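Engineer: One structure is given below, represented as structure tokens, and several questions about it will come after.
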Amino acid sequence: MTAKASRQPLSRERVLAAAVAVADAEGIQALTMRRLAGDLGVEAMSLYHHLPAKEALLDGVVETVIAEIDAAVGRLTTNGDGEDWRTRLRGQFLAARQIMVRHPWMPALLGTRRAIPVGLYAYYDGIVGTLLGAGFSHHLAHRAVHAFGSLPLGFAQEVFSPAAAGGSMEADVAEADLAAMAGALPNLTAMVAMEMHDGADPTLGWCDSQLEFEFTLNLLLDGLERLRDQNQVKS
């Protein structure tokens with residue numbers, strides 16, 4: 001660390017930026033107050049003036065990444081009021097995914113937070129506003145938000161993940177696991193074996209590749225379009 005860097009005033013934003021950098025480089029498990037203080041060239045106690053506990057640090061890290069999503073979505077260009085609602089939401093969700101791929105530890109960390117990050121309220125309000133502006137009823141917009149699940153945040157929440165359960169995401173280990181399951185679970189094993197992803201398809205989890213994410217997103221958007229049209233005909 002340079003002398004100039006060490007003289008930079010400590011701020012909450014600077015601490016959180018350094019925390020995100022640690023998580024990106026070594027994973028969220030490597031993020032500790034002591035490690036962070038070392039990277040910033042300060043005593044660990046100095047951090048507590050800005051973030052009073054480890055949970056506050058993790059909340060701040062989540063807020064920082066959510067702010068990145070908001071900024072990425074804000075940079076999207078639109079074609080005005082005539083833009084198709086599906087195109088708008090698809091662009092937002094894919095922009096969020098780019099942020100999540102940059103911070104692959106974020107989906108798991110987000111799931112550990114006890115409260116909804118404040119920055120998400122405005123983000124989801126914009127999604128609901130897009131749906132209402134496209135002619136969705138409040139009832140159908142509510143159902144759409146539930147159907148989307150975590151897709152607006154750029155990842156697909158998986159019910160089962162071998163890595164989260166103590167298993168491995170390494171290809172050779174996964175293949176060995178599949179071979180052990182083949183006799184008892186032939187249909188599931190055959191499906192998973194056919195769907196093993198190649199390294200060129202960015203993934204955020206066991207079954208959250210870019211291709212699968214976009215397939216699910218397109219399926220939901222097209223289905224919601226049909227439901228909206230049906231409701232408009234009835235009314």
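The values are calculated or read from the model by the stated rules, or taken from the named source; none is laboratory data. Bear in mind that the values here come from a model prediction, so they are computed numbers and not experimental data. Reconstructed Cβ throughout: ideal geometry from the backbone, glycine too, with neighbour counts over all protein chains shown. Just the protein is used for accessible areas: all its heavy atoms, side chains included, with ligands, DNA and RNA removed. Shrake-Rupley method; radii C 1.70, N 1.55, O 1.52, S 1.80 Å.
Engineer: Of all residues in the range 67-82 being touching a Gly at 6+ places or on another chain (Cβ under 9 Å) and open to solvent by less than 50 Å² (accessible area, probe 1.4 Å), which is farthest from I28 (Cα to Cα)?
Structural biologist: V73
Engineer: In the list T64, T130, which residue meets the criterion of being crowded, with 16+ Cβ neighbours inside 10 Å and in contact with a Phe, Trp or Tyr (Cβ under 6 Å, 6 or more places away or on another chain)? Full working, then the answer.
Structural biologist: On the way: T64 fails: in contact with a Phe, Trp or Tyr (Cβ under 6 Å, 6 or more places away or on another chain).
Among T64, T130, only T130 is crowded, with 16+ Cβ neighbours inside 10 Å and in contact with a Phe, Trp or Tyr (Cβ under 6 Å, 6 or more places away or on another chain).
Engineer: Test each condition in (1) at pLDDT below 95; (2) under 19 Å from V65 (Cβ atoms); (3) not hydroxyl-bearing (S, T, Y) for A19 and report the one that comes out false.
Structural biologist: Evaluating A19 over (1) at pLDDT below 95; (2) under 19 Å from V65 (Cβ atoms); (3) not hydroxyl-bearing (S, T, Y) leaves (1) as the failure.
Engineer: With the structure loaded, tell me whether L10 is buried (at least 18 other Cβ atoms within 10 Å of the Cβ) and either over 19 Å from H103 (Cα atoms) or more than 17 Å from the chain's Cα centre (by Cα) (or both) or whether it fails that test.
Structural biologist: When the stated conditions are applied, L10 does not pass them.
Engineer: If you scan the range 102-127, which residues turn out to be open to solvent by less than 30 Å² (accessible area, probe 1.4 Å) and either over 28 Å from L31 (Cα atoms) or touching a strand residue (DSSP E or B) at 6+ places or on another chain (Cβ under 9 Å) (or both)?
Structural biologist: Result: I127, single match.
Engineer: Could you run through the range 83-120 and say how many residues are assigned to a loop (DSSP other than H, G, I, E, B) and over 12 Å from the mean Cα position of the chain (by Cα)?
Structural biologist: 8
Engineer: Same structure, new question: Can you pull out the residues in the range 45-82 that are more than 24 Å from the chain's Cα centre (by Cα) and under 17 Å from A21 (Cβ atoms)?
Structural biologist: L47, H50
Engineer: Which of (1) in contact with a Leu (Cβ under 9 Å, 6 or more places away or on another chain); (2) open to solvent by 30 Å² or more (accessible area, probe 1.4 Å) does D39 not meet, given it meets every other one?
Structural biologist: (1)
Engineer: Additional query: Hey, does the range 92-101 have a residue that's at pLDDT 95 or above, open to solvent by less than 30 Å² (accessible area, probe 1.4 Å) and among the small types (G, A, S)?
Structural biologist: Among the residues of the range 92-101, at least one is at pLDDT 95 or above, open to solvent by less than 30 Å² (accessible area, probe 1.4 Å) and among the small types (G, A, S), which makes the answer yes.
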